[in-house]
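**Q** Mind looking over this structure? Questions follow.
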Amino acid sequence: MGDVSRLQAALKGLCPKCRQGKIFKKPFYSPRGFDEMYELCPHCGLRYEIEPGYFIGAMYVSYAISGGIALVMGFLLFYLGGDPEGWVYAASIAPVMILIAPINFRISRVIWLHYVAGIKYIKGL
């Protein structure tokens, strides 16, 4: 298997250390279990949650993603929708935030593991 870049590993939800083992047990579109992570990497044994509360920092990443999407949607509604009433903003943005929650949950944890946590890739592991 050829080397996988950090971006490819992050997009595929692979371990930041070996870039081969999966982080999540089920796909994001699973009605139940979209949030189930392996405790250890199935390939290299890296413990994903290094300490209790480790993924609290991922909530900030999630907040930034949600805020960015809401901001873009708000600007689009403002400029393309002629600045509608406040309830239109809420009725448009809230369902989108609920629909992207499983994806946002996973993306924020993957970003946290790959780009913030400082876990180094070990080639050939």
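The values are calculated or read from the model by the stated rules, or taken from the named source; none is laboratory data. Just so we're clear, the structure is a prediction, and the values are computed from it rather than from any experiment. As a convention, Cβ positions derive from the backbone with ideal geometry for all residues, glycine included, and neighbour counts pool all protein chains shown.
**Q** Does segment 66-85 contain at least one residue that is in a loop (DSSP other than H, G, I, E, B), under 18 Å from ARG106 (Cβ atoms) and at pLDDT below 95?
**A** No - not one qualifying residue is present in segment 66-85.
**Q** OK, next. Out of all the residues in segment 52-83, which are hydrophobic (A, V, I, L, M, F, W, C) and farther than 21 Å from ALA117 by Cβ?
**A** Scanning segment 52-83 gives ILE69, ALA70, LEU71, VAL72, MET73, PHE75, LEU76, LEU77, PHE78, LEU80.
**Q** A further question follows. Which of the residues spanning segment 80-125 are aromatic (Phe, Trp, Tyr), exposed (fewer than 11 other Cβ atoms within 10 Å of the Cβ) and under 12 Å from SER66 (Cα atoms)?
**A** none
**Q** Quick one: which residue in CYS18, CYS44 is modelled with pLDDT under 95, touching a His at 6+ places or on another chain (Cβ under 8 Å) and not small (Gly, Ala, Ser)?
**A** Just one listed residue meets the conditions, CYS18.
**Q** Of all residues being aliphatic (A, V, I, L, M) and within 19 Å of the chain's Cα centre (by Cα) in segment 63-79, which is nearest to ILE103 (Cα to Cα)? Just the residue, please.
**A** Among those that are aliphatic (A, V, I, L, M) and within 19 Å of the chain's Cα centre (by Cα), it is ILE65.
**Q** I'd like the full set of residues that are of a type in the set (Gly, Ala, Ser), assigned to a loop (DSSP other than H, G, I, E, B) and within 13 Å of the chain's Cα centre (by Cα), limited to segment 1-41.
**A** GLY13
**Q** What about ALA101, is it within 13 Å of the chain's Cα centre (by Cα), of a type in the set (A, V, I, L, M), assigned to a helix (DSSP H, G or I) and farther than 23 Å from SER5 by Cα?
**A** Values: within 13 Å of the chain's Cα centre (by Cα): yes; of a type in the set (A, V, I, L, M): yes; assigned to a helix (DSSP H, G or I): yes; farther than 23 Å from SER5 by Cα: yes.
So ALA101 fits the description; yes.
**Q** May I pose another question? Which residues, counting only those in segment 1-44, are farther than 15 Å from ARG109 by Cβ and surrounded by fewer than 13 Cβ atoms within 10 Å (Cβ to Cβ)?
**A** Correct list: MET1, GLY2, ASP3, SER5, LEU7, GLN8, TYR29, PRO31, ARG32.
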